[in-house]
Amino acid sequence: MSPNVDPRAPVLRLAGITKRFGALVANDAISLELSAGEILALLGENGAGKSTLVSILFGHYVADEGSIEAFGAPLVPGDPAAALAAGIGMVHQHSTLADNLSVLDNVMLGTEPLWRPLSSRRAGRARLVDTAKRFGLGVDPDARVATLSVGERQRVEILKALYREARVLILDEPTAVLTPQESEALFSTLRGLTAQGLAVIFISHKLDEVLRVSDRIAVLRAGRLVDSRLAAGATKAGLAEAMVGRAVPPPVPRPHTVGDVVLHVDRVHVGAERAGARLDAVSFSLRAGEIFAIAGVSGNGQAALVELLCGLRAADAGRVTLAGRIMPADPREWLRAGVARIPEDRREVGAIGDLPLWENAIAERYRRPYASLGVVRRAAARTFARKLVERYDVRGGGIDTPARLLSGGNLQKLILGRALSGGAPRPGEFVPLAVVASQPTWGLDIGAVGYVHQQLLDASARGAAVLLVSEDLDEILALADRIAVIHAGRLTAARPTKAWTLATLGLAMAGEALPDAA
């Protein structure tokens with residue numbers, strides 16, 4: 001720990017922070033302290049107020065009430081420059097680096113006055129190298145960011161904050177796009193940083209890693225601080241209950257029989273007209289009654305594969321057969337064949353935000369049985385929507401509520417119900433031939449995650465073939481019967497879930513020790 005830091009004095013003190021957006025109270029009189037060398041985990045459901053709170057801390061928002069002290073001095077509200085000057089740095093979930101610039105250029109960007117005629121690159125390089133060495137963050141200053149792995153980019157983001165002399169580091173979902181090995185390297189880095197006196201606010205939805213890396217845990221619910229406890233002795237079940245206000249039962253696998261092949265992808269190739277869209281001779285089979293998971297770091301071809309299996313794009317080579325039929329690039333044909341889709345982007349792709357719930361409920365199958373001669377049968381459609389909302393526990397308003405007003409979890413329930421009902425007048429009667437679920441729980445709170453998991457398990461038990469595309473390895477290991485890994489557009493051989501470990505999944509996700517392609 002730095003000799004200049006008093007370990008007994010809080011480096012941050014938030015007192016009575018309140019923030020309102022109209023009638024919504026996003027933060028309600030929150031008071032927190034953070035000490036030097038401490039990792040404080042911040043937990044909460046979607047909409048609990050975590051993002052608002054750290055946005056106030058970093059100067060993006062101004063609190064309506066309350067105050068913040070940093071290192072004993074009042075923090076100027078609503079001024080990110082003041083937060084940086086006070087020693088507060090933030091590493092966002094998604095990289096904010098410029099791919100076309102070097103590591104050194106990214107780190108120095110914004111640290112020199114515009115009127116200076118020449119950049120002090122030599123001094124900047126020396127300072128960067130010294131900072132990297134002091135904190136154990138090995139990096140090549142001349143490497144172009146576009147050539148770095150996701151884990152390496154995150155190290156650069158942390159270095160960028162440390163270069164600006166950050167003494168408090170806010171990490172927002174830092175392991176969301178990392179392999180297990182990269183996550184381990186991050187945890188090692190954090191231990192080194194806190195040993196030198198750095199204080200860390202760690203935001204994550206992964207309870208295992210929160211318990212492992214943090215010293216203390218603060219839980220927000222509905223904008224209020226409802227729990228603060230030491231990590232030592234805390235449990236996942238206790239934290240989950242604190243987050244949602246009730247016990248969260250784990251999903252229950254149902255007995256299921258794996259049947260015949262429903263979907264077969266045969267040496268499919270898709271050219272990379274945009275980043276992360278390439279598929280290279282991908283082959284696999286999906287059987288009735290099973291959950292087959294594809295793991296991988298974002299941008300390795302998953303999006304192209306999902307679009308292919310929803311009829312949104314055509315393969316350049318190879319073919320896809322569904323129940324023995326070669327399928328065209330036509331979404332209507334895939335829906336008619338009984339394929340249910342749960343898209344990754346629920347707001348931009350999965351729903352039309354300005355339309356009410358009842359119209360979104362029939363959006364994929366309105367022609368039959370909810371329209372005739374181009375005229376929507378409103379009474380039938382609204383009756384179906386009410387049953388759907390009730391069966392899938394969609395909360396946040398009646399069937400006339402615009403979809404954009406739903407929380408992420410409730411919107412996902414609506415999309416899930418629409419997909420699994422197949423438009424049948426009585427939701428629950430229809431069994432999809434196949435379900436294509438892409439990142440189905442991304443950004444959801446733990447209660448909504450458990451609900452979605454249970455629905456996917458129940459669908460497979462009823463005979464649906466479920467393809468789960470996810471970056472969440474805990475999700476994959478909990479649900480899947482078989483797993484394959486996608487990297488740089490290539491797919492590994494599919495193996496039973498018990499044949500994989502977090503370590504082997506991580507190696508395959510990083511492109512190392514890949515088994516033969518399926």
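The values are calculated or read from the model by the stated rules, or taken from the named source; none is laboratory data. Everything numeric here is computed off the predicted structure, so don't read it as measured data. Cβ coordinates were reconstructed from backbone atoms using ideal geometry, including for glycine residues, and neighbour counts include every protein chain displayed. Remember, those area values only see protein heavy atoms, side chains included, never the ligands or the DNA or RNA. Shrake-Rupley method; radii C 1.70, N 1.55, O 1.52, S 1.80 Å.
Numbers at a glance
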| quantity | calculated |
| --- | --- |
| Residue in the stretch 312-334 that is outside the structural domain of L502 (by TED's automatic domain parsing) and farther than 24 Å from H264 by Cβ present | no |
| Within the stretch 45-69, tally of residues that are open to solvent by less than 10 Å² (accessible area, probe 1.4 Å) and assigned to a strand (DSSP E or B) | 0 |
| Enumeration of residues in the stretch 324-339 that are open to solvent by less than 40 Å² (accessible area, probe 1.4 Å) and either closer than 18 Å to L444 by Cβ or assigned to a loop (DSSP other than H, G, I, E, B) (or both) | M327, D330, A337, G338 |
| A304 being part of a helix (DSSP H, G or I) and under 29 Å from the mean Cα position of the chain (by Cα) | yes |
| Some residue of the stretch 228-244 being in a strand (DSSP E or B) and of a type in the set (G, A, S) | yes |
| Enumerated helices (runs of 4 or more DSSP H) restricted to the stretch 347-449, each holding at least 3 residues that are open to solvent by 10 Å² or more (accessible area, probe 1.4 Å) | 378-391, 408-421 |
| All positions within the stretch 313-323 that are among the hydrophobic types (A, V, I, L, M, F, W, C), open to solvent by less than 40 Å² (accessible area, probe 1.4 Å) and free of Cβ contacts under 8 Å to residues at least 60 places away in the same chain | A315, V320 |
| Near pairs, Cβ below 8 angstrom, 6+ apart or cross-chain, from the stretch 288-312 (over 19 Å from M327 (Cα atoms)) to any residue that is of a type in the set (F, W, Y) | F292/F284 |
| Verdict on V252 being of a type outside the set (S, T, N, Q) and closer than 25 Å to K498 by Cα | yes |
| Number of the condition not met by A293 [criteria: (1) closer than 19 Å to A461 by Cα; (2) assigned to a loop (DSSP other than H, G, I, E, B)] | (2) |
| Residue match in the stretch 137-146 (condition: closer than 23 Å to S298 by Cα, open to solvent by less than 60 Å² (accessible area, probe 1.4 Å) and under 26 Å from the mean Cα position of the chain (by Cα)) | yes |
| Only listed residue being open to solvent by less than 70 Å² (accessible area, probe 1.4 Å) and either in a helix (DSSP H, G or I) or among the β-branched types (V, I, T) (or both), chosen from V258, V248 | V248 |
| Flag for V11 being in a strand (DSSP E or B), under 21 Å from L230 (Cα atoms) and either out of contact with any helix residue (DSSP H, G or I) (no Cβ under 6 Å at 6 or more places or on another chain) or of a type in the set (V, I, T) (or both) | yes |
| Failed item, numbered, when V219 is tested on (1) within 20 Å of the chain's Cα centre (by Cα); (2) outside any strand (DSSP E or B) | (2) |
